[in-house]
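Heads up: the structure comes next, in C-alpha cells.
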Amino acid sequence: MYQKQIEQLVVLQQVDDEILVLEDEIGKAPRELEALEEQLEGFRKRKEQIEEKLSILDEQRKKLGGEIEEDDAKIKKSKNKLMLVDNTKQYHAMMREMDSLEKLNRMREEEFAAVKEELARQADMTRELDEETAEVQKEYDAKKATLDERVAQAQKQLDKLQKKRAKACEVVPPPILGRYEFIRSRLDNPVIVSVVDSVCTGCHITIPPQEYNELQKGKQILSCPNCQRLIFWSEHAGGAE
Ligand SMILES: [Zn+2]
C-alpha cells in the first residue's frame, strides 16, 4: 500500500507538470493573436495619418497648380497687350507688373515641386505600410485558423491528464494529498523526491539517522525535515524517480 501511494504521488507530480505546460499553451495562443491584432491596429492608425497628410498635400498641389496657370495666363495676356502700347511710362509699368508675376510664379513652381516630392514620399510610405500590413495579416489569419484546433487538442490532452490525476488521487490518502497540494503551492518543483544514501534529492541535505530508519521501514509517508518535500527511500520505488 505504501509503495503504491509513493508511486501514485510520483505519477501525480508528472501529471501536474504536464498540466501546467498545457494550460500555458492554451493561454498563449489567444495572447499571440491579441498581439498581432494590436500590431494591425497600429498599422491602420498610421495609414489614416498618412492618408490625411496625402489629402492635404493634394489640395496644396491643386491650389498651387491653379494659381500658376492663372498667372501664366495673365502674363501671356500682358505680353500681347505690350505690343500695342506706345506710351513708355505705361510700357514700363506693365513690364514691372509682368516681372513681379513671373517672380511669384517661379516661387510657386518651387513650392509645387516640393509638394510633389512630398506626395511621392508619402505614397512610398503607404506602399511599404501596405506590404507590412499584408504580411502581418497573413500571419494573423493563419494563426486564427489553427487556434481553435490547437486549443481543442490541448484541452483533450488536459482532460486525459485530469482523469489520470483523479485515478492517482484515489490511491493517496487525503491528508497526504493535502500536504502534496500545500507543498506544490509553496515550493519549486519537485514536490516528492527520493532519498539516496540518506540525502534528500530535493535539497541535498542529509536526513537525520532516526528519520532515515523510519523512512526505510516504509510505513508512512514522511517529509524532509529540511525542505518539507515528501520523501521516499530510493530503494522503495523501483525506478519511480
Ligand atoms: Zn529536503
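The values are calculated or read from the model by the stated rules, or taken from the named source; none is laboratory data. A quick note: this is a predicted structure, and the numbers were derived from the prediction, not measured. FYI the Cβ positions are ideal-geometry reconstructions off the backbone, even for glycines, and counts take in every protein chain you see. Ligands, DNA and RNA are stripped out before the accessible areas are found, and what is left, the full protein with its side chains, is counted by its heavy atoms. Shrake-Rupley method; radii C 1.70, N 1.55, O 1.52, S 1.80 Å.
Just so you know, in region 188-241 the residues that are in contact with a helix residue (DSSP H, G or I) (Cβ under 9 Å, 6 or more places away or on another chain), part of a strand (DSSP E or B) and within 9 Å of the ligand (Cβ to nearest atom) include one that is most open to solvent (accessible area, probe 1.4 Å), and it is 223. For region 71-90, the set of residues classified as surrounded by 11 or more Cβ atoms within 10 Å (Cβ to Cβ) and within 19 Å of residue 110 (Cα to Cα) consists of 71, 72, 75, listed by residue number. Quick one: would you say residue 68 is closer than 30 Å to residue 118 by Cα, β-branched (Val, Ile, Thr) and touching a Lys or Arg at 6+ places or on another chain (Cβ under 9 Å)? It is true that residue 68 is closer than 30 Å to residue 118 by Cα, β-branched (Val, Ile, Thr) and touching a Lys or Arg at 6+ places or on another chain (Cβ under 9 Å).
Suppose we filter 152, 142, 168, 113 for residues that are of a type in the set (Gly, Ala, Ser) and modelled with pLDDT of 95 or more; which single one remains? The conditions single out 113. Note on region 1-13: residues that are open to solvent by 50 Å² or more (accessible area, probe 1.4 Å) and among the hydroxyl-bearing types (Ser, Thr, Tyr) amount to 0. Within region 14-42, the set of residues being open to solvent by 20 Å² or more (accessible area, probe 1.4 Å) and over 25 Å from residue 144 (Cβ atoms) comprises 14, 17, 18, 20.
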